[in-house]
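Notes follow once the structure below has been shown.
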Amino acid sequence: MAVGATMQNLNQSILRNLAIALPPIAEQRRIVAQVDGLMTLCARLTTELASVATLSERLLEAVLHQALDSSRHASGLQLAKS
């Protein structure tokens, strides 16, 4: 049963007999260990990035709150002086 595109002179028999070079098992394990370490780093950085985004939002809210309170306070003083 064929699915998808076909290529002339390429069949299952040829593909089954095709030699695919793989690194030695020790090298494969080293590669897996390296990828696992990088995936762990990605997960940690994703968590830290989410934390920084949350802190950034909180800082922005605090700055805006402070600015608006200062503005309201200054406006109140000007009205009282008038």
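So which of Arg16, Arg58 is out of contact with any Lys or Arg (no Cβ under 6 Å at 6 or more places or on another chain), of a type in the set (Lys, Arg), at pLDDT 90 or above and surrounded by 10 or more Cβ atoms within 10 Å (Cβ to Cβ)?
Being out of contact with any Lys or Arg (no Cβ under 6 Å at 6 or more places or on another chain), of a type in the set (Lys, Arg), at pLDDT 90 or above and surrounded by 10 or more Cβ atoms within 10 Å (Cβ to Cβ) holds for just one of Arg16, Arg58, which is Arg58.
Between residues in the range 26-50 that are charged (D, E, K, R) and residues that are surrounded by 10 or more Cβ atoms within 10 Å (Cβ to Cβ), which pairs lie under 9 Å by C-beta distance while being six or more apart or on different chains?
Arg30/Pro23
Taking the options Ala21, Ala53, name whichever one is loosely packed, with under 10 Cβ neighbours inside 10 Å and out of contact with any helix residue (DSSP H, G or I) (no Cβ under 6 Å at 6 or more places or on another chain).
Ala21
The values are calculated or read from the model by the stated rules, or taken from the named source; none is laboratory data. Note that this is a predicted model, so its numbers are computed, not measured. Here Cβ is always computed from backbone atoms with ideal geometry, including for glycine, and neighbour counts include all displayed protein chains.
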